[in-house]
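Accompanying notes for the structure given below.
The values are calculated or read from the model by the stated rules, or taken from the named source; none is laboratory data. Predicted, not measured: the structure shown is a model, and the values here were computed from it. With ideal geometry, Cβ positions are generated from the backbone for all residues, glycine too; neighbour counts draw on all protein chains shown. Protein only, heavy atoms only, side chains kept; ligands, DNA and RNA dropped before computing areas. Shrake-Rupley method; radii C 1.70, N 1.55, O 1.52, S 1.80 Å.
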Amino acid sequence: MRVVYEFPRIPALKEVIIAVTNNGKDIECEVSGPNAEQIAPTIMAYFSSFNKIPPLVIHEGRNWYSLYWPPVPSEAHARFVEGFWRTWFFGQPTPNVVTLAITERCQCRCFHCSANVGSTLDPPQLTVEEVAKIIQESVELGVANVIFTGGEPLLHENIIECIGTVPFDKAICQVFTNGIALDLKRAASLKSAGVSSVKVSLDSPEPEGHDRLRGRKGTFSCVERAVKCALDAGLLVGLSTYAGNEFVTKEYLRRIAEVAAKWGVHEVTVFDAIATGRLMGSQGICLTPHNRQLLLEQGREVNREYGVSPRVITQSWTNSDGKFAKYIGCLAGTSQFHVTATGEFTPCDFTPLTFGNTLMTPVQALWQKLIAHPAYREHCQACRMQSPAFREQYVDAIPIGATLPYPVEFLHSEEIAALT
């Protein structure tokens, strides 16, 4: 497969053309255009680096190195690369990912829910037209991966229509789900609509433990069924879990990897337990420095053991100072943003701060507001929501009982007024 990569939004590369080919095993590229001889070594080094990493899976003629990245080669990956280069080499932060909570409806009452959904009798959700507006503006900004979340996105009665608003020549689409509603019919409809992968939540390798943390019996068996149905429908499948200190000391990652391998899962994502949502104020849930290091080692050990699939990605790694991880770190304001089921624009789905509403203000204007804010002006290697200094200034300052996410401009408004 051969795809031509162009970068119209990078003046220095505007007339450069890169032909990227997947020859069935390796990724090859040819560079042409003005100054090709000067820039070709850098570009070719980037693409040849993929040949040092076995693809997670070769699916429909393209190499997938993570379910979060568009496959190589593809038009969506060309936009992903353009955004990466704009951010890191040209000083123009460009988001690659939007997580979009299309509904707050959910069948579970998860212990760790960052959205604290299910707390109202009439949970909000976005209309298809609202979703279309947000996605169109997000993709115009540079997004190459649209992730549907919730709540439970499969409970949105028009989710297929929502997915249909994604321009698949420019972006891939993922769905995060608890798996309860993911039967074979629904999996097939997601595949037909254009979804590339689903990430199914698994909180514990023990059925009773997962059910307890989800607040609903039988959810572990639903996850197993959902994975099978998604794979049978031709979807790529990942498991999503989160790590607190007990998760590390009991070595749950190894056991979840065993489950993932048994089920045929492609990727396992391990997020950190964060004091937000239902855990707001529960800083003790966060990983200790010692356990964070242990989890990092456990992730490396599992990847060495399984080689390619399942591949484990831990937040402990993405927030580390590793060779490539330094380009990831805290995603908020660098490569990602989140939109709630009421349209609020937040730095990520863990941060209870809003920079405005996407239904009233263009996404591009809100992104510019975010990256100009003192807390997000510079890239942060570690998760801001786990930083005591950040929390003291921007989270602890939120008035008790305030509706979340809280408008960032209301913080310290009295002090700001006094200064002016």
Legend entry - Solvent-free Debye scattering, log10 I(q)/I(0), computed from the Cα coordinates of the stretch 55-149 at q = 0.17, 0.19, 0.20, 0.25 Å⁻¹: -0.89, -0.97, -1.00, -1.16
Inset, instruction - May I have the convex hull volume per residue, in Å³, for the Cα set of the chain? - result: 142 Å³
Inset, instruction - May I ask you to list, by number, the DSSP H helices of the chain whose Cα span along the axis is at least 24 Å and whose average Kyte-Doolittle hydropathy reaches 0.0 or more? - result: none
Inset, instruction - Using per-residue counts of other Cβ atoms within 10 Å, averaged over each peptide, order 308-316, 142-150, 289-297, 201-209 from highest down. - result: 142-150, 308-316, 201-209, 289-297
Inset, instruction - Just list whichever of Lys191/Lys262; Lys217/Lys262; Lys14/Lys191; Lys185/Lys262; Lys133/Lys191 have alpha carbons separated by over 28 Å in the model shown. - result: Lys14/Lys191
Inset, instruction - Give the share of C-alpha pairs in each 5 angstrom bin for the stretch 240-288, from 0 to the last occupied bin, in whole percents, shortest bins first. - result: 5, 20, 26, 20, 14, 10, 5, 0
Inset, instruction - Leaving ligands, DNA and RNA out of it, work out the accessible area of Phe90 with a 1.4 Å probe and give it in Å² to the nearest 10. - result: 90 Å²
Legend entry - the stretch 275-342, Cα convex hull volume normalised per residue, Å³: 143 Å³
Legend entry - Sites matching GluC sites (Glu not before Pro) across the stretch 322-420 that sit in DSSP coil, with at most 12 neighbouring C-beta atoms within 10 Å: Glu378
Legend entry - Ranked order, Asp26, Asp272 - accessible area, probe 1.4 Å, largest first: Asp26, Asp272
Inset, instruction - Quote the accessible area belonging to Met360 in square angstrom, nearest 10, computed with a 1.4 Å probe and with ligands, DNA and RNA left uncounted. - result: 150 Å²
Inset, instruction - Sort out for me the Cα centre separation of the stretch 136-183 from the stretch 239-311, rounded to whole Å. - result: 25 Å
Inset, instruction - Would you mind putting 321-328, 240-247, 16-23 in packing order, based on average other-beta-carbon counts within 10 Å, highest first? - result: 240-247, 16-23, 321-328
Inset, instruction - Take the Cα atoms of the stretch 226-266, build their convex hull, and give its volume per residue in Å³. - result: 59 Å³
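Just to be sure I understand: of the beta bridges DSSP finds with both ends in the chain, what percent are antiparallel, rounded to 5?
Approximately 35 percent, going by the DSSP bridge assignments.
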Legend entry - the stretch 197-344 - Kirkwood radius from inverse mean 1/r over Cα pairs (Å): 16.3 Å
Inset, instruction - Provide the per residue accessible area, probe 1.4 Å, for the chain, rounded to a whole number of square angstrom. - result: 43 Å²
Legend entry - Carbon and sulfur %, accessible surface of the stretch 263-420 computed with the full protein complex present, 1.4 Å: 58 percent
Legend entry - Unpartnered cysteines - no second Cys beta carbon under 4.7 Å - across the chain: Cys29, Cys106, Cys108, Cys162, Cys173, Cys222, Cys229, Cys286, Cys348, Cys383
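Given all pairs of different Cα atoms, what value in angstroms does the Kirkwood hydrodynamic radius of the stretch 258-396 take?
On the way: mean 1/r = 0.0604 Å⁻¹.
Kirkwood hydrodynamic radius for the stretch 258-396: 16.6 Å.
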Inset, instruction - For the chain, set up a Gaussian network in which alpha carbons nearer than 10 Å are linked by springs, and say which option among Ile39, Ile159, Ile398 fluctuates the most. - result: Ile39
Legend entry - Mean separation of Cα contacts under 8 Å (6+ apart) over length of the chain, as relative contact order %: 13 percent
